[in-house]
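**Q** Sharing a structure here in structure tokens format.
The values are calculated or read from the model by the stated rules, or taken from the named source; none is laboratory data. No experiment lies behind these values; they were computed from the predicted model shown. Note that each Cβ is placed from the backbone with ideal geometry, even for glycine, and that neighbours are counted across all protein chains shown.
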Amino acid sequence: MDQMILLRHGETEWSRDGRHTGRTDLRLTAKGEEQARALAPLVAGRTFGLTLVGPALRARDTAELAGIKDYETDPDLWEWDYGGYEGITTLAIRETRPGWYLWRDGVIPGDADHPGESAEQVAARADRVIARARAADGEVLLVAHGHFLRMLCARWLGLPPADGRLFRLDTGTYSRLGFERDEPVVLTWNAPVLPAA
């Protein structure tokens, strides 16, 4: 593998409103569609040894609007399962858990569709994706979600799962992970394509 290009999906109604969106399958907003189309020049004309896209509609729609036609859907690229905090904002969670912080405090169990995941479980998925990427020839392209890609970055750098908190990632942005003298590094992070609203 030469490098990984990471695309975070475009805006959804819940990401815009700060609601934790794990397994709830939402479409992009009009702004999210615009963000996804703006990512197209980053991938146009490139050949990737491996292209993986998360199974959520927001990830697949982002990939397709960015002009990515040939990809594999990988369930390891789902967003963090927020369990009982699915669809709830941090502010609302802190009404009952003052000072709550996902990376430190985790989630509570939810229903059968949202059982919840620990940071270690998300890290295990990220580690599997990294192993697949490292085995690929050439460049790798991933289209996925904010907290998951933050975790993937931490694991790429050999950091513990909780250090994903250090890598803020906005919707409709691109990042690159690669090497310097054979050591994993961040080449680009949270780079916007469109000007901030």
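**Q** Collect the residues in the stretch 85-141 that are small (Gly, Ala, Ser), surrounded by fewer than 16 Cβ atoms within 10 Å (Cβ to Cβ) and in contact with a Gly (Cβ under 8 Å, 6 or more places away or on another chain), keeping them in residue-number order.
**A** Within the stretch 85-141, SER118, GLY138 qualify.
**Q** Which one of these does ASP81 not meet: (1) surrounded by 12 or more Cβ atoms within 10 Å (Cβ to Cβ); (2) in contact (Cβ under 8 Å) with a residue 60 or more places away in the chain?
**A** Checking ASP81 against (1) surrounded by 12 or more Cβ atoms within 10 Å (Cβ to Cβ); (2) in contact (Cβ under 8 Å) with a residue 60 or more places away in the chain, the one that fails is (2).
**Q** Yes or no: ARG176 crowded, with 16+ Cβ neighbours inside 10 Å, of a type in the set (D, E, K, R), under 14 Å from the mean Cα position of the chain (by Cα) and within 27 Å of THR73 (Cβ to Cβ)?
**A** Values: crowded, with 16+ Cβ neighbours inside 10 Å: yes; of a type in the set (D, E, K, R): yes; under 14 Å from the mean Cα position of the chain (by Cα): yes; within 27 Å of THR73 (Cβ to Cβ): yes.
In short, yes.
**Q** Okay, moving on. Looking at the stretch 68-78 only, could you name the residues that are crowded, with 18+ Cβ neighbours inside 10 Å and either in a helix (DSSP H, G or I) or in contact with a strand residue (DSSP E or B) (Cβ under 6 Å, 6 or more places away or on another chain) (or both)?
**A** Those that are crowded, with 18+ Cβ neighbours inside 10 Å and either in a helix (DSSP H, G or I) or in contact with a strand residue (DSSP E or B) (Cβ under 6 Å, 6 or more places away or on another chain) (or both): TYR71, ASP74, ASP76, LEU77.
**Q** Across the stretch 10-27, what is the number of residues that are surrounded by 17 or more Cβ atoms within 10 Å (Cβ to Cβ) and within 22 Å of GLN121 (Cα to Cα)?
**A** 6
**Q** Given the criteria touching a residue at least 40 places away in the same chain (Cβ under 8 Å), outside any helix (DSSP H, G or I), surrounded by fewer than 23 Cβ atoms within 10 Å (Cβ to Cβ) and over 17 Å from the mean Cα position of the chain (by Cα), does LEU187 qualify? First the steps, then the outcome.
**A** Numbers: touching a residue at least 40 places away in the same chain (Cβ under 8 Å): yes; outside any helix (DSSP H, G or I): yes; surrounded by fewer than 23 Cβ atoms within 10 Å (Cβ to Cβ): yes; over 17 Å from the mean Cα position of the chain (by Cα): no.
For LEU187, the condition - touching a residue at least 40 places away in the same chain (Cβ under 8 Å), outside any helix (DSSP H, G or I), surrounded by fewer than 23 Cβ atoms within 10 Å (Cβ to Cβ) and over 17 Å from the mean Cα position of the chain (by Cα) - is not met.
**Q** While we're on this one: Output the number of the condition that ALA119 fails; it satisfies all remaining conditions of (1) among the hydrophobic types (A, V, I, L, M, F, W, C); (2) over 26 Å from ALA154 (Cα atoms); (3) modelled with pLDDT of 95 or more.
**A** (2)
**Q** If you go through the stretch 43-67 one residue at a time, how many are crowded, with 19+ Cβ neighbours inside 10 Å, in contact with a helix residue (DSSP H, G or I) (Cβ under 6 Å, 6 or more places away or on another chain) and not in a strand (DSSP E or B)?
**A** 4
**Q** Out of all the residues in the stretch 28-42, which are touching a strand residue (DSSP E or B) at 6+ places or on another chain (Cβ under 7 Å), touching a residue at least 24 places away in the same chain (Cβ under 8 Å) and surrounded by fewer than 23 Cβ atoms within 10 Å (Cβ to Cβ)?
**A** LEU42
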